[in-house]
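Contents: one structure, followed by commentary.
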Amino acid sequence: MAFSKTRLVLMAVAVSLSLAACGGGGTPASKGEALDNFTAEEIYKRGEYALENERKPKDAVHYFSEVERLYPYSEWAKRALIMQAYSYHRARQYEEARGAAQRFLDNYPGDEDAAYAQYLLALSYYDQIDDIGRDQGLTFQALQGLRDVIERYPDTEYARSSVLKFDLAFDHLAAKEMEIGRYYLKRGHYTAAINRFRVVVEEFQTTTHTPEALMRLTEAYLALGLTDEAQTAGAILGHNFRSSPFYQDAYAQLRGRGLEATAKGDSWLTQVYRQVIQGKWL
């Protein structure tokens, strides 16, 4: 992005020095004053000052919005719009951040800051998914937004950052499935638990939750007396995650029943075993 955080800090310092040199004591005009007689650049710099020197992103939004209102279609208005999105995000006003970022993309789709606007759109969802217990709709939207950055702007720093965040968000979805599966398993609702753990194995197999999901499948199938499925889950776990403590747990459960971690039967797990372990996809 043209306006990196480092550049913002440097520009803000320059603004504060210039204000002090003008005899204003280094303090910009208050947010409540009329700005009609100020130039677009002067208002814009007040926004930068509020954002970086005073750490008041909501005040910064006001100044950047005024630039857009008083000087529409100008270069400063374009700059102010992307800074509105950034300031809203800093203020944790995520819906407003999305709105400003989307307006930037609608008005300036070919601009050099379009990649950053798309990235802010994705972040506005991503930064709200830290709580596993919340509705996962935000996580799906974050994944879509991050995918858009990766596909549309593959050679940018934002794409590289999006790849890392995509993996974390994907892992977050798997964690939610595991949480629900454990809930059902603890209460003896084995079929419901199996359905959740199956989702992790089939759809989130690249996440960190797959070893536990296979161990929990072993446990749930043993509880139902479905030994072929339990042994097959143990076989997949042993082949891919032999050093995992989850394999040790599953192995102990199987041995306690006189069983081995061996693929048996013709269940969905057997198909996974054939595909993943034996490479037989047909």
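Every number in this text was worked out from the coordinates using simple rules, so none of it is lab data. These figures come from a predicted structure and were not determined experimentally. All Cβ positions, even for glycine, are placed from backbone atoms using ideal geometry, and neighbour counts span all protein chains on display.
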**OP:** Could you please let me know if Gln205 is of a type outside the set (Phe, Trp, Tyr) and either crowded, with 23+ Cβ neighbours inside 10 Å or more than 17 Å from Ile277 (Cα to Cα) (or both)?
**Re:** no
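If you take the residues of the range 210-240 that are within 18 Å of Glu179 (Cβ to Cβ), crowded, with 24+ Cβ neighbours inside 10 Å and without any contact (Cβ under 8 Å) to a residue 40 or more places away in the chain, which of them is farthest from the chain's Cα centre (by Cα)?
Ala220
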Original post:
Considering only helices (runs of 4 or more DSSP H) fully contained in the range 89-185, which possess at least 2 residues that are among the charged types (D, E, K, R)?
Top reply: 94-107, 137-152
